[in-house]
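Visitor: Have a look at this one before I ask anything.
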Amino acid sequence: MTLSSPADREGSRRAMERARRVLPGGVDSPVRAYRAVGGDPVVLARGSGALVWDVDGSEYIDYVCSYGPLILGHAHPRVVSAITEAAALGTSFGAPTEAEAALGECVVEAVPSIEMVRFVSSGTEATMSVLRLARAATGRDLILKFEGCYHGHADGLLVAAGSGAATLALPDSPGVPAAYAAQTLLARYNDLASVRAQFEAHRGAIAAIIVEPVAGNMGVVPPAEGFLEGLRAICDEDGALLVFDEVITGFRGSYGGAQATLGVTPDLTALGKIIGGGLPVGAYGGRRELMEQIAPSGAVYQAGTLSGNPLAMAAGRATLDTLREDLGQYDRLDALGARLAEGLTRAAEEAEVPLVVSRSGSTITPFFLDAAPTNYDEARLADTSMFARFHNAMLDRGIHLAPSQFETWFVSMAHDEALIDRTIEAAAESFRLVRHG
Ligand SMILES: *Cc1c(COP(=O)(O)O)cnc(C)c1O
């Protein structure tokens, strides 16, 4: 096992020092600053497959994978050449291109509930826009979301929003008008009674429920049996729309996303991450009759200078084509996720460290807890100081993990059994260290 001690990370330390002078916290997205685990972040220079290298030249097995987009791993040759070819033809036009309809066809073909799609440039834009549409289509203002689910950083969705915000203890960010946050109702994940209570209190006034069909931003928390079906029934009864935020789950566990696997059909879906193949893309879609309400077909305004960007469309297309051409890859990916989860569980048991690994296919979260959490309150009981020590020990052993207990680990198609086993070996050592102090 190669050890890269903090002393070997002098280049990262200096790079962060420089960045902090011009970027708040030295980063462009808060979790990257390592506030929840301490120490300096590793500053990365390059990636290939399942591996990344920092500016000091140390190698790591990567489970961040850009927080989900890189299902094919870093710098997949087909994605790189698609981007390169597109770039040579011009990077942005502000006019329609054929690439948009081509990726649109892929999405419509793949995702059961999507008949039409609109591309945007991030997951945040996708959820923000899809809720505007839901409000317009129903003529209602209220949105119901779940504690611990994250739907991007738009005002009104930054309420009990899980991982990044949770880690920083900023459940409600300053700057979000109270009057706007009041349009968001909260319920507890996997708890239909808490949803019914809100619908009883606000009958006929809730435009939509937005939910991560498999929660990933309080750490991985799969839906209990009947939970998503129950949401569907509650929406149908009340005339509200059901919105799946599949920004993580889209194309992740299966090509059709969580809705294909779980067999529950939402009215509208937000996508992001994997559909951009590592470039900035989001999308939202649903039934034709709803999507036709978007301008210029309809009156619901939503636009973007870089929406449908040719490079992003090319990266997305190369990624989806690569996935679709061999759907058996998803079974292999699931098996790798299972191998990692089982190995970590065993290693923790042997070290007598309380750990439960929550998993959905190739996404896992090892919680320092005795029992698998079913909602945010339970997830939050995890021992975050033990996680911080574990994270540091893993980093020293060449394993690059998201620096928060409440994030998802992503296994990619570029990982293999040997890399998974090296990770488990590093975890076994790290658990022993963590336990002894
Ligand atoms: C990442 C994420 C978002 C936001 O996407 P960005 O591209 O970061 O704006 C929204 N919803 C879920 C479930 C996510 O994981």
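Visitor: So residue 343 clears everything in (1) open to solvent by less than 10 Å² (accessible area, probe 1.4 Å); (2) under 22 Å from the mean Cα position of the chain (by Cα); (3) not hydroxyl-bearing (Ser, Thr, Tyr) except one condition, right? Which one?
Guide: (2)
Visitor: Can you find a residue in region 398-407 that is in a helix (DSSP H, G or I) and touching a strand residue (DSSP E or B) at 6+ places or on another chain (Cβ under 9 Å)?
Guide: No, region 398-407 contains no residue that is in a helix (DSSP H, G or I) and touching a strand residue (DSSP E or B) at 6+ places or on another chain (Cβ under 9 Å).
Visitor: Just checking, does region 142-149 include any residue being surrounded by fewer than 17 Cβ atoms within 10 Å (Cβ to Cβ) and in contact with a Lys or Arg (Cβ under 9 Å, 6 or more places away or on another chain)? Even if it seems obvious, please write down each step before you answer.
Guide: Going residue by residue through region 142-149, those that are surrounded by fewer than 17 Cβ atoms within 10 Å (Cβ to Cβ) are none.
Among the residues of region 142-149, not one is surrounded by fewer than 17 Cβ atoms within 10 Å (Cβ to Cβ) and in contact with a Lys or Arg (Cβ under 9 Å, 6 or more places away or on another chain), which makes the answer no.
Visitor: I want to confirm something. Restricting to region 190-221 and keeping residues that are small (Gly, Ala, Ser) and touching a Leu at 6+ places or on another chain (Cβ under 7 Å), which single residue is nearest to the ligand (Cβ to nearest atom)?
Guide: It comes out as 208.
Visitor: Mind listing whichever residues of region 46-85 are within 16 Å of the ligand (Cβ to nearest atom) and not in a loop (DSSP other than H, G, I, E, B)?
Guide: 65, 66, 67
Visitor: Related question: Taking region 232-260, which residues are away from the ligand (no atom under 16 Å from the Cβ) and either part of a helix (DSSP H, G or I) or over 30 Å from residue 66 (Cα atoms) (or both)?
Guide: Scanning region 232-260 gives 232, 233, 234, 235, 236, 237, 238, 239, 240, 241, 260.
Visitor: Going through region 86-122 one residue at a time, which ones are open to solvent by less than 40 Å² (accessible area, probe 1.4 Å), assigned to a loop (DSSP other than H, G, I, E, B) and under 18 Å from residue 258 (Cα atoms)?
Guide: Passing the criteria: 111, 113, 114.
Visitor: Let me ask something additional. Hey, could you check region 86-117 for residues that are charged (D, E, K, R) and in contact with a helix residue (DSSP H, G or I) (Cβ under 7 Å, 6 or more places away or on another chain) and say which is nearest to the ligand (Cβ to nearest atom)?
Guide: 100
Visitor: Here is a follow-up. Could you count how many residues in region 323-375 are closer than 15 Å to residue 407 by Cβ and either among the polar types (S, T, N, Q) or in contact with a His (Cβ under 7 Å, 6 or more places away or on another chain) (or both)?
Guide: Qualifying residue count for the region: 5.
Visitor: A further question follows. Is it the case that region 171-189 has a residue that's within 15 Å of the ligand (Cβ to nearest atom), at pLDDT below 95 and crowded, with 16+ Cβ neighbours inside 10 Å?
Guide: The answer is yes; a qualifying residue exists.
Visitor: Here's a check for you: in region 261-277, which residue that is within 11 Å of the ligand (Cβ to nearest atom) and farther than 17 Å from residue 327 by Cβ is most open to solvent (accessible area, probe 1.4 Å)?
Guide: Here the answer is 273.
Visitor: Keeping to region 123-141, report how many residues are open to solvent by less than 30 Å² (accessible area, probe 1.4 Å) and more than 11 Å from the ligand (Cβ to nearest atom).
Guide: Total meeting the criteria: 4.
Visitor: Out of all the residues in region 42-55, which are over 20 Å from the mean Cα position of the chain (by Cα) and crowded, with 21+ Cβ neighbours inside 10 Å?
Guide: If the condition is that a residue be over 20 Å from the mean Cα position of the chain (by Cα) and crowded, with 21+ Cβ neighbours inside 10 Å, then 42, 54 are the ones that fit.
Visitor: Any residue in region 286-303 that's aromatic (Phe, Trp, Tyr): show its pairings with residues that are open to solvent by less than 80 Å² (accessible area, probe 1.4 Å) at Cβ separation under 9 Å, as long as the two are six or more apart or on different chains.
Guide: Cβ pairs passing all conditions: 301/294; 301/295.
Visitor: Okay, next question. Being surrounded by 12 or more Cβ atoms within 10 Å (Cβ to Cβ) and at pLDDT 95 or above is the filter here, so list the residues in region 19-30 that pass it. Don't jump to the end; show me each part of the working.
Guide: Going through region 19-30, the residues surrounded by 12 or more Cβ atoms within 10 Å (Cβ to Cβ) turn out to be 19-20, 23, 25-27, 30.
If the condition is that a residue be surrounded by 12 or more Cβ atoms within 10 Å (Cβ to Cβ) and at pLDDT 95 or above, then 19, 20, 23, 25, 26, 27 are the ones that fit.
The values are calculated or read from the model by the stated rules, or taken from the named source; none is laboratory data. Because the structure is a prediction, the values reported are computed rather than measured. All Cβ positions, glycine included, derive from the backbone under ideal geometry; neighbour counts span all protein chains shown. Heads up: the accessible areas ignore ligands, DNA and RNA and are worked out on the full protein's heavy atoms, side chains in. Shrake-Rupley method; radii C 1.70, N 1.55, O 1.52, S 1.80 Å.
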